[in-house]
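What follows is calculated from the coordinates using simple rules that are stated; it is not laboratory data. Only a predicted model underlies this, so the values are computations on that prediction, with no experimental measurement involved. With ideal geometry, Cβ positions are generated from the backbone for all residues, glycine too; neighbour counts draw on all protein chains shown.
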Amino acid sequence: MFSRPSDSGTHSFSAIFTLSESPDLIHWGNHKFVMGSGGKGWWQGTKVGAGPIPIETKEGWLLF
């Protein structure tokens with residue numbers, strides 16, 4: 001599952017965590033950092049936003 005951390009102000013939707021693992025689709029864990037915002041003074045310095053849907057390839061999932 002892809003997830004984006006958010007709580008009471010600590011996280012501002014400026015990062016994405018990768019595929020979390022779940023043995024039963026109820027309890028999730030083993031979250032790994034994928035990407036955060038970067039740069040300053042332009043859109044990439046604010047947050048990571050939505051893009052097109054992931055595309056399944058022979059090598060795995062491709063995200064833009």
Problem set entry | Computed label-point distance, nm, for sites residue 3 and residue 21 using a 7 Å Cα→Cβ extension | 1.5 nm
Exercise. Tell me, what ³J(HN,Hα) does each residue in the stretch 51-64 have, in order and in whole Hz, if you take phi through Karplus 6.51 cos²θ - 1.76 cosθ + 1.60 with θ = phi - 60° and put x for Gly and Pro?
Worked result: x, x, 5, x, 10, 7, 10, 4, 8, x, 8, 10, 10, 10
Exercise. Rounded to the nearest 0.05, what FRET efficiency is calculated for residue 62 and residue 32 with R0 set to 30 Å and r the Cβ-Cβ distance?
Worked result: 0.95
